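Each reported figure results from applying straightforward, stated rules to the coordinates on display, with no laboratory input. None of these values were measured; they are calculated from a predicted model. Counting neighbours? That spans all protein chains shown, and the Cβs are built from the backbone with ideal geometry, glycine included.
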Amino acid sequence: MNQPATRRTLLATGAATLAVCCVGCGADGDGSSASASASPAGENASASGTSDSGTSDSGDGQALGSVSEIPEGGGKIFAAQKVVVTQPTKGEYKAFSAICSHQGCTLNRVADGTVYCPCHGSRFRISDGSVAEGPATQPLAAREIMVHGNTVHLG
């Protein structure tokens, strides 16, 4: 019997996911952290300071897809990874949790500069994850991504 996820279940799942991500991200021991934006297409860079040479971080994050899948002024939801990657302006990539901050529903579409939640109609801006329309009152959580060549990687 399927029952809606409780807040406790969502928090426990989120905490477990965060713990796994922290362990994986800290494997190189350099103590750096990346922000939710990445460099323009075609550059081997991450938000944690990797140079164009692509010599640090070596693409250790999970590959999400090609930059060509992320339309300028739009985005793409990667449901399996529960992340939405957007391209607010040409060559600028952002990533956010694909879980609505209102009641934990999975976001289902990106259009007109916003990401939509099918459950209660909340919308979030692709540029910063902020609430464009409620009932949600909190922004989407930022996620770390890197662009290596033409591939977007989860940080």
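Spin-label pair Lys90-Ser68: with each label point 7 Å from Cα along the Cα-Cβ axis, the two points sit 1.8 nm from one another. Extension gain, Ala80 to Gln138, is 18.6 nm, computed as 0.36 nm per intervening residue step minus the present C-alpha separation.
Our coupling estimate for the stretch 84-95, obtained by passing each phi through the Karplus curve with A = 6.51, B = -1.76, C = 1.60 and θ = phi - 60°, is 10, 10, 10, 10, x, 9, 3, x, 9, 10, 10, 9 Hz, Gly and Pro reported as x.
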